[in-house]
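S.K.: The following block contains the structure, expressed as structure tokens.
Only the coordinates and a few stated rules stand behind these numbers; no lab work does. These figures come from a predicted structure and were not determined experimentally. Positions of Cβ are backbone-derived with ideal geometry, glycine not excepted, and every protein chain shown enters the neighbour counts.
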Amino acid sequence: MSHNFTIDDISEFMSSSSNKELNLTFPDNFGYMNCKKEIVSDDIYLFKTHAQANKDFSIQTNSKVDSLFINIILDGKVQYQSNTDDKIETFKKNDTYIKYIDESDSMTALDKNSFSKGLAISIKNDFLEKQLSTYSYLLDKIKTSSFIHRVDNSFNIKLANELFNSPFTNELHNIYLQSKVLEIIYNQIKEFEKCFCKKECNCEKIKLSNEDIQALYKARDIILLTHDFPDLSTLARKVAINEFKLKFGFKKLFNTTVGQMILEHKMIHAKQLLETSEFSILEIANFVGYKYQQSFSNAFFQFFGLRPKDVMKSRNYYY
């Protein structure tokens with residue numbers, strides 16, 4: 001049986017101009033939530049959140065923030081619903097969800113024996129109005145849009161993970177924080193500029209049915225949750241959608257291509273094997289679909305800027 005916990009007003013925590021930490025331990029061993037807030041600048045705050053559920057629970061909150069939120073799920077899964085939308089959204093690892101919030105009642109839920117680790121950047125309206133003064137149409141679109149929900153690219157995911165695990169302290173940490181947060185914001189604003197057209201986009205003439213959308217999310221899960229690494233035609237057959245809609249839908253829903261998502265998953269999986277397994281580089285290359293070790297090594301270096309052999313040096317031995 002799920003239990004709902006209510007936090008009446010977290011506006012002070014969200015809006016205060018000092019670093020803070022919020023620790024919630026729920027009764028009867030339901031679980032806990034920790035949220036660490038760091039000040040990036042007067043108008044930009046960073047929130048690092050980790051939650052663990054031993055039983056099904058949800059948290060109801062109310063806040064007045066007048067800010068744009070960029071939320072990136074780094075691990076686990078969480079459900080979210082705001083009072084402006086009847087739909088409950090489920091966000092998983094590597095998902096990004098973005099929303100402008102003025103005043104909001106919202107619900108966040110976790111299932112039994114699940115967890116969530118995420119990073120959120122809040123950007124005040126004053127900053128947006130100043131920096132986007134010549135893009136008034138863009139700011140209006142950002143404020144009036146519902147959720148923008150997509151799988152992020154590896155670059156922003158990499159930045160978010162680096163932010164969550166900053167290796168620095170004191171002044172160096174502040175510089176590190178500011179540079180990476182501003183880079184994520186810049187990347188996101190550029191994406192907004194591409195997505196929100198002044199005139200009707202040609203892409204809007206193509207309609208995706210509910211069945212198409214379900215097929216696209218199924219295709220995404222096949223890529224991210226398995227190690228099959230299918231080609232485009234095989235993936236299209238598996239989820240019963242034509243290749244054109246598969247390519248178009250990935251760009252529209254997830255802001256990436258099928259090939260790019262598969263490549264990212266290949267490289268991330270290969271890196272994990274290089275760091276933790278006992279397999280050779282050739283074996284790992286074969287696992288992720290490369291016939292020749294050199295082809296894999298070139299692709300790996302282009303993706304990470306590191307040679308596979310350099311990654312393997314963290315082992316006790318390597319091939």
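S.K.: Within the range 86-107, list the residues whose amide N lies under 11 Å from a label point set 7 Å along Cα→Cβ of residue 22.
M.R.: Inside the label zone: 106.
S.K.: Rounded if a/c is under 1.5, else prolate if a/b is larger than b/c, else oblate: which is the range 278-319, with a ≥ b ≥ c the root eigenvalues of its Cα gyration tensor?
M.R.: Oblate.
S.K.: Please give me, ordered by residue number, the chymotrypsin sites (Phe, Trp or Tyr not before Pro) of the range 266-314 that lie in loop per DSSP and have at most 13 other Cβ atoms within 10 Å.
M.R.: Values: sites: 279, 287, 290, 292, 296, 300, 301, 303, 304; in loops: 279, 290, 292.
For chymotrypsin sites (Phe, Trp or Tyr not before Pro) across the range 266-314 that sit outside H, G, I, E and B with at most 13 neighbouring Cβ atoms in 10 Å, the list reads 292.
S.K.: Right, something else. Sorting 28, 66, 105 on the 10 Å Cβ count, fewest up front, what's the list?
M.R.: Least crowded to most crowded, the residues run 28, 105, 66.
S.K.: Between residue 169 and residue 103, how many nm apart are label points set 7 Å from Cα along the C-beta direction?
M.R.: In this crude label model, residue 169 to residue 103 measures out at 4.3 nm.
S.K.: First select every other residue whose beta carbon is under 10 angstrom from the beta carbon of residue 36; then total the charges, Lys and Arg +1, Asp and Glu -1.
M.R.: Local charge sum for residue 36: +1.
S.K.: Which is the longest run of the chain containing none of the GluC sites (Glu not before Pro) found in DSSP loop states (not H, G, I, E, B) with at most 12 other C-beta atoms within 10 Å? Please report the intermediate quantities before stating the final value.
M.R.: On the way: sites that count: 200, 278.
Free of exposed loop sites, the longest segment is 1-199.
S.K.: Say a site is exposed when it is one of the trypsin sites (Lys or Arg not before Pro), sits in a DSSP loop, and has at most 13 other Cβ atoms within 10 Å; what is then the longest site-free stretch of the chain?
M.R.: Values: sites that count: 87, 112, 198, 199, 207, 291, 313, 315.
With trypsin sites (Lys or Arg not before Pro) excluded where exposed in loops, the chain gives 1-86 as its longest stretch.
S.K.: Follow-up question, since we're still on this one. Could you work out the relative contact order of the chain? I mean the mean sequence separation of Cα pairs under 8 Å and 6+ apart, divided by the number of residues, in percent.
M.R.: Reported as a whole number, the value is 12 percent.
S.K.: Taking only Cα atoms of the range 3-195, what ratio of Rg to Rh do you get with Rh as the Kirkwood inverse-distance radius? Please list the in-between numbers first.
M.R.: Values: Rg = 16.2 Å, Rh = 17.2 Å.
Checking Rg against Rh, the ratio lands at 0.94.
S.K.: Just round it to a whole percent: the fraction of Cα-Cα distances in the range 202-312 exceeding 21 Å.
M.R.: 42 percent
S.K.: So which helices of the chain fit the span-like rule, where a helix is a whole DSSP H run, its Cα atoms reach 30 Å or more along the axis, and its mean Kyte-Doolittle is at least -1.0?
M.R.: 170-195
S.K.: What's the center-to-center distance, using Cα atoms, between the range 241-319 and the range 1-55 in Å?
M.R.: With the range 241-319 and the range 1-55 each reduced to a Cα centre, they are spaced 35 Å.
S.K.: Could you give the size of the charge dipole of the range 88-146 about its Cα centre, using +1 on the Cβ of each K and R and -1 on the Cβ of each D and E, expressed in debye and rounded to the nearest 20?
M.R.: With only Lys, Arg, Asp and Glu charged at Cβ, the dipole is about 320 debye.
S.K.: A further question on this structure: Net charge within 10 Å of residue 257 by Cβ-Cβ distance, Lys/Arg positive one each and Asp/Glu negative one each, not counting residue 257 itself?
M.R.: +2
S.K.: To the nearest 20 Debye, how big is the dipole of the chain about its Cα centre, given +1 on the beta carbon of each Lys and Arg and -1 on that of each Asp and Glu?
M.R.: Dipole about the Cα centre, nearest 20: 1260 debye.
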